[in-house]
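Following: one structure in structure tokens, then a few remarks.
The values are calculated or read from the model by the stated rules, or taken from the named source; none is laboratory data. Note that the structure is predicted; figures quoted are calculated from it, not measured. So basically every Cβ, Gly included, is an ideal-geometry build from the backbone, and we count neighbours across all protein chains shown. Heavy atoms of the whole protein, side chains included, go into the accessibility calculation; ligands, DNA and RNA do not. Shrake-Rupley method; radii C 1.70, N 1.55, O 1.52, S 1.80 Å.
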Amino acid sequence: MYTVSKILVTTDFSEYSGEALDFAISIAEKYEAEIHLLHVVDTAGKSNADEEQNARKIMKTFVNEHIDES
């Protein structure tokens, strides 16, 4: 039998990504699995630490909103 141990959720911080995270949380609870979130910041050809730092802040807020709802 196959068991789920890790779930990767990609996000653009949209409402749809939030719904995907909520669904992943329900699966993770059922299988006692880990959730890993991924957001890609495109810095091709440039070094943009501000954009990365902003994405980290948004990620924290995004996670907190969905953990509190669960």
Open item on the list: Pairs needed: first member in region 1-25, at positive phi; second member anywhere, aliphatic (A, V, I, L, M); C-beta distance under 7 Å; at least 6 residues apart or different chains.
Closed with: 13/58
Task: Leading residue by the ranking (modelled with the highest pLDDT) among those in region 40-70 that are open to solvent by less than 80 Å² (accessible area, probe 1.4 Å) and in contact with a helix residue (DSSP H, G or I) (Cβ under 6 Å, 6 or more places away or on another chain) - done: 66
- [ ] Kindly indicate the residue of region 1-39 that is in a helix (DSSP H, G or I) and among the polar types (S, T, N, Q) and also surrounded by the most Cβ atoms within 10 Å (Cβ to Cβ) among those meeting that condition.
- [x] 17
